[in-house]
Amino acid sequence: MTIAGQPDRGGLADRFGRTATDLRVSLTDRCNLRCTYCMPAEGLAWLPRDEVLTDAEVVRLIRIAVERLGITEVRFTGGEPLIRPGLVDIVSAVAALDPRPGLSLTTNGIGLDRLARPLREAGLDRVNVSLDTLDRGRFAELTRRDRLPDVLAGLAAAAAAGLRPVKINAVLIRGVNDADAIDLLRFALAGGYELRFIEQMPLDAQHAWQRASMVTADEILADLRTAFTLRPDPAHRGGAPAETWLVDGHSARVGVIGTVTRPFCGDCDRTRLTADGQVRACLFATEESDLRTALRAGATDAELADRWRAAMWGKKAGHGIDDPAFLQPVRPMSAIGG
Ligand code: SAM
């Protein structure tokens, strides 16, 4: 069944003229860190195992997205995707699709020292590693785990395996690691990593996010400018979430993802698949479309593609964080796939 005006073939268009070509796939809602701005110390009620898509089901849905729906980029995320046992095989199956999509992964880096090379050999192109501070004590405080050396080893292994550009994602929390931005940028420049700061979003499981305590894109840039000269990057941004700047007149870049204060919804080209097979049109969507039940009930590729198109046709114009009626999605970031 199609909604009025919705195309019944072709790509993932919405009513506001956007077409999604970038698919974020969550491979698990579980994680081996407990970042304070993401999850409570005791973790969450994880998805029952039988609700999580099998490797074959994930690969089938990605194949449909690539072959029938115009997806050209696939990013694996979570939870922590490196703890999914079938990850290397999933990457290898997706890399064999025709047309072959670009393949990337967002990870906390733990275990990447061991997995970077097999993932590269399986066809992974790039990684983003999350790292919020270089101070071991603060890292342990923020993530509730003393794993900074593992993350640093993972970053080095990713670069050595050729998973380039290796990007670093950092979230700054006021009063905790907001003084670490300059050190993080120095570290990234020295190591050849591309650093991007992400504004803290209202997607924490604890619903503790407050606009007033969020470190804004403007504050981050002002802080960086006390130590570096930043020039706007002339490269075309397209649908990329990060606004980027050239650092000290060199080709090295730093990016800021200002989801809250500098929203980029008008250029959004993303669609999301959760680990339990739900399509989401937006990180902040309050509705999901259930592909898993249809898939397990025997739906054809064409029927699943139709459901996916319908879900995206209903995508809202913007995330609505500034709307007084904004409601935080029921699922936290770790269960949606960041
Ligand atoms: N475990 C992987 C990782 O650490 O990159 C992938 C999932 S994690 C949810 C993806 C990214 O979302 C991480 O960079 C993390 O710091 C970020 N993140 C989590 N909660 C966030 C929040 N409330 N606001 C902004 N970013 C958040």
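The values are calculated or read from the model by the stated rules, or taken from the named source; none is laboratory data. Everything quoted here is computed from the prediction, not taken from an experiment. Neighbour counts are summed over all protein chains in view; Cβ atoms, including those assigned to glycine, are modelled from backbone coordinates with ideal geometry. Ligands, DNA and RNA are excluded from the accessible area calculation, which covers all protein heavy atoms including side chains. Shrake-Rupley method; radii C 1.70, N 1.55, O 1.52, S 1.80 Å.
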Candidate set from region 39-81 (those that are open to solvent by 20 Å² or more (accessible area, probe 1.4 Å) and among the aliphatic types (A, V, I, L, M)); member that is nearest to residue 278 (Cα to Cα): 52
Scope region 155-190; condition among the small types (Gly, Ala, Ser), within 26 Å of residue 121 (Cα to Cα) and either open to solvent by 40 Å² or more (accessible area, probe 1.4 Å) or in contact with a strand residue (DSSP E or B) (Cβ under 6 Å, 6 or more places away or on another chain) (or both); matching residues: 156, 158, 159, 160, 188
Any hit, region 226-236, residues being open to solvent by 30 Å² or more (accessible area, probe 1.4 Å), farther than 22 Å from residue 151 by Cα and of a type in the set (A, V, I, L, M): yes
Flag for residue 86 being under 30 Å from residue 143 (Cα atoms), within 16 Å of the ligand (Cβ to nearest atom) and at pLDDT 95 or above: no
Hits in region 251-266 - residues which are touching a residue at least 24 places away in the same chain (Cβ under 8 Å) and either open to solvent by 40 Å² or more (accessible area, probe 1.4 Å) or basic (Lys, Arg) (or both): 253, 261, 262, 263, 266
Within region 267-338, helices (runs of 4 or more DSSP H) holding 1 or more residues that are open to solvent by 30 Å² or more (accessible area, probe 1.4 Å) and within 16 Å of the ligand (Cβ to nearest atom): 333-336
Which listed residue, of 98, 113, 135, is surrounded by fewer than 17 Cβ atoms within 10 Å (Cβ to Cβ), without any contact (Cβ under 8 Å) to a residue 60 or more places away in the chain and over 28 Å from residue 60 (Cα atoms): 135
Residue among 124, 97 that is away from the ligand (no atom under 16 Å from the Cβ), assigned to a loop (DSSP other than H, G, I, E, B), closer than 20 Å to residue 273 by Cβ and among the aliphatic types (A, V, I, L, M): 97
Residue match in region 104-113 (condition: within 16 Å of the ligand (Cβ to nearest atom), over 18 Å from the mean Cα position of the chain (by Cα) and assigned to a helix (DSSP H, G or I)): yes
Qualifying residues in region 52-82 (those that are under 13 Å from residue 106 (Cβ atoms) and of a type in the set (A, V, I, L, M)) - the one nearest to the ligand (Cβ to nearest atom): 82
Scope region 194-215; condition within 13 Å of residue 255 (Cα to Cα) and either without any contact (Cβ under 8 Å) to a residue 60 or more places away in the chain or of a type in the set (A, V, I, L, M) (or both); matching residues: 195, 198
Residue list for region 127-138, filter: within 13 Å of the ligand (Cβ to nearest atom) and not in a strand (DSSP E or B): 131, 132, 133
Subset of region 1-42 (residues that are among the small types (Gly, Ala, Ser) and modelled with pLDDT of 95 or more): 11, 13, 17, 20, 26, 41
In region 31-71, the residues that are under 24 Å from residue 294 (Cα atoms), assigned to a loop (DSSP other than H, G, I, E, B) and touching a residue at least 40 places away in the same chain (Cβ under 8 Å): 47, 52, 53, 69, 70, 71
